2 protein chains.
Amino acid sequence: MSGATVGKLKAAQRIQSAAKDLFYRQGIRATGVEEVCRVAEATKMSLYRTYPSKDALIAAILSEDACEWDSWFAEVTAAAPSARGKLEAVVMAMAAKLADPEYRGCPMLLAQAEFPDPEHPTHQLVARFKARVCDCLSDLAREAGAAEPEMLGDMLGMMVDGAWASLPHLGGARAAETLRKGAETLFRSALPDDS
Amino acid sequence: MSGATVGKLKAAQRIQSAAKDLFYRQGIRATGVEEVCRVAEATKMSLYRTYPSKDALIAAILSEDACEWDSWFAEVTAAAPSARGKLEAVVMAMAAKLADPEYRGCPMLLAQAEFPDPEHPTHQLVARFKARVCDCLSDLAREAGAAEPEMLGDMLGMMVDGAWASLPHLGGARAAETLRKGAETLFRSALPDDS
DNA sequence: ATAATAAGTTACCGAACGGTATCATCAAGG
DNA sequence: CCTTGATGATACCGTTCGGTAACTTATTAT
């Protein structure tokens, strides 16, 4: 069974991984399923045996992205001793990602922009994810003693999204520096000195 | 001549205006030229007589958007007496736009997200525009006495882009409030008290 | 009035789209 | 061995895509 399962997963995994990469680099709508299969070295039938539609494939990829963010967030905040330290660690890790030339924007945000209709499942999936990110930041802000933790969480989330969006015209290094300085300013203003 | 010109412009204008609306609400790639012509009550031939390609139509719309932003910026800043007042006026006007339920994001940012390839003309056009916006903000920041005007301009631009991106999950009212508070914090930290 | 120009009409092009059907292949498990 | 399940291969479906050709109809400036 494990062999068969590995075999099956191998096909689906290749497809999902290739699609993730192509969707990110070229755009989702700009990438056809045939190209995905060609790059994945698989056939269209393998794709449609696992995913009932292209939309389902998109949803699977975004869900995976969301899960990976959870791991990333947990890992990044684990080391810091205080809530404020965790917030600062998140900002620093984000800045590091921005400076990585491989990144050209937040995959979730890009996907959302390709489906502007608020009723579209993809649009809503991203909105829920972003709301959860803001919640995580707000929780840390509350723990760090912010007077208005939700507001600080939203402001941070806004700044982070803005950093992704600024990447094309600011460049990675400058976007990272701007995010660090901006977040630091917000922290100094909204968090108690002793935190 | 004016009559003929008006007639010609009328067709092209209808097409461009319909395309602008459809591209914004449905996405550029998701909207076909036939649909644009149907809504514009024009024919495909009229479109291709004025614009050599769909890409040219996109470029024309984005250029128009950029021009409209120039006017908007000039109008919004005209009333304020000081440079700092102009900056605050821009933020307030942006917040008002965010609260308008008709807006669902920055058209330029949405367009850029649909063409992730940094080499694509549309992507670059938006990048140049955003850089110019940051420059305008930096100029005001310098005039207002900021120690690091470019940094403040970039931070503001980042915050504004983030506000657009946050619209789907924060909603207009909360996005507007978050932007106002965030910008105010940046101002208090980066501008002298007497400005 | 007439020549010129803009716009509409209709039909078409090749290509790519998302998605499906049929059948062959091939590896592993009983 | 031989069945079973996953994968590959290939051809095909109807639709839509961006874009063009040929021709007719209005408007309008001289």
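Can you pull out the residues in the range B:26-43 that are within 14 Å of chain A (Cβ to nearest Cβ) and without any contact (Cβ under 8 Å) to a residue 24 or more places away in the chain? Passing the criteria: B:Gln26, B:Ala30, B:Thr31, B:Gly32. Contact map, the range B:77-94: first residue in contact (Cβ under 8 Å) with a residue 40 or more places away in the chain, second residue open to solvent by less than 70 Å² (accessible area, probe 1.4 Å) and hydroxyl-bearing (Ser, Thr, Tyr), Cβ cut-off under 8 Å, separation 6 or more or different chains; pairs are B:Ser82/B:Ser195; B:Ala83/B:Ser195; B:Arg84/B:Ser195; B:Lys86/B:Thr77; B:Val90/B:Thr77. Scanning the range B:98-134 for residues that are of a type in the set (Ser, Thr, Tyr) and more than 21 Å from B:Met159 (Cβ to Cβ) turns up just one, B:Thr122. In the range B:117-138, the residues that are within 17 Å of A:Tyr103 (Cβ to Cβ) form Cβ pairs under 7 Å with partners that are among the polar types (S, T, N, Q) and part of a helix (DSSP H, G or I), at six or more places apart or across chains, as follows: B:Asp117/A:Gln26; B:His123/B:Gln112. For residues that are open to solvent by less than 10 Å² (accessible area, probe 1.4 Å) and aliphatic (A, V, I, L, M), scanning just the range B:156-180, find the one that is farthest from the other protein chains (Cβ to nearest Cβ). Selected residue: B:Ala176.
Summed over the range A:21-32, residues that are surrounded by fewer than 19 Cβ atoms within 10 Å (Cβ to Cβ) and within 15 Å of DNA strand C (Cβ to nearest atom) total 5. Of the residues making up the range A:43-63, just one is open to solvent by 70 Å² or more (accessible area, probe 1.4 Å) and under 21 Å from the mean Cα position of the chain (by Cα), namely A:Asp55. When each of B:Glu35, B:Glu64, B:Glu114 is tested for being touching a Lys or Arg at 6+ places or on another chain (Cβ under 9 Å) and within 16 Å of DNA strand C (Cβ to nearest atom), the lone residue that passes is B:Glu114.
Yes or no, residue by residue, for (1) farther than 30 Å from A:Pro101 by Cα; (2) within 10 Å of DNA strand D (Cβ to nearest atom):
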position: B:Gln13; (1), (2): yes, no
position: B:Gly32; (1), (2): yes, yes
position: B:Ala56; (1), (2): no, yes
position: B:Ser71; (1), (2): yes, no
position: B:Ser82; (1), (2): yes, no
position: B:Ala96; (1), (2): yes, no
position: B:Glu102; (1), (2): yes, no
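Specify which of the listed residues (A:Ala40, A:Ala113, A:Ala56) is of a type in the set (A, V, I, L, M) and within 30 Å of A:Arg180 (Cβ to Cβ).
Working: A:Ala40 fails: within 30 Å of A:Arg180 (Cβ to Cβ); A:Ala56 fails: within 30 Å of A:Arg180 (Cβ to Cβ).
Answer to the check: A:Ala113.
Among residues of the range B:151-172 that are without any contact (Cβ under 8 Å) to a residue 40 or more places away in the chain, those with a Cβ under 6 angstrom from a residue that is of a type in the set (S, T, N, Q) and surrounded by fewer than 24 Cβ atoms within 10 Å (Cβ to Cβ), sequence gap 6+ or separate chain, pair up as B:Gly153/B:Ser138. If the condition is being over 25 Å from B:Asp194 (Cβ atoms), open to solvent by 20 Å² or more (accessible area, probe 1.4 Å) and assigned to a helix (DSSP H, G or I), then the range B:93-122 contributes B:Ala96, B:Lys97, B:Ala99, B:Pro107, B:Leu109, B:Leu110, B:Pro121. The single residue among B:Ala111, B:Ala56, B:Ala78, B:Ala40 that is farther than 20 Å from B:Gln26 by Cα and at pLDDT 95 or above turns out to be B:Ala78. Among the residues here, A:Ser46 qualifies as touching a helix residue (DSSP H, G or I) at 6+ places or on another chain (Cβ under 8 Å), more than 14 Å from every other protein chain (Cβ to nearest Cβ), within 14 Å of DNA strand C (Cβ to nearest atom) and not acidic (Asp, Glu).
The values are calculated or read from the model by the stated rules, or taken from the named source; none is laboratory data. This structure is a prediction, so every number in the text was calculated from the model and none was measured. Neighbour counts run over all protein chains shown; Cβ positions are idealised from the backbone, glycine included. We work out accessible area using only protein heavy atoms, side chains counted, and drop any ligands, DNA or RNA first. Shrake-Rupley method; radii C 1.70, N 1.55, O 1.52, S 1.80 Å.
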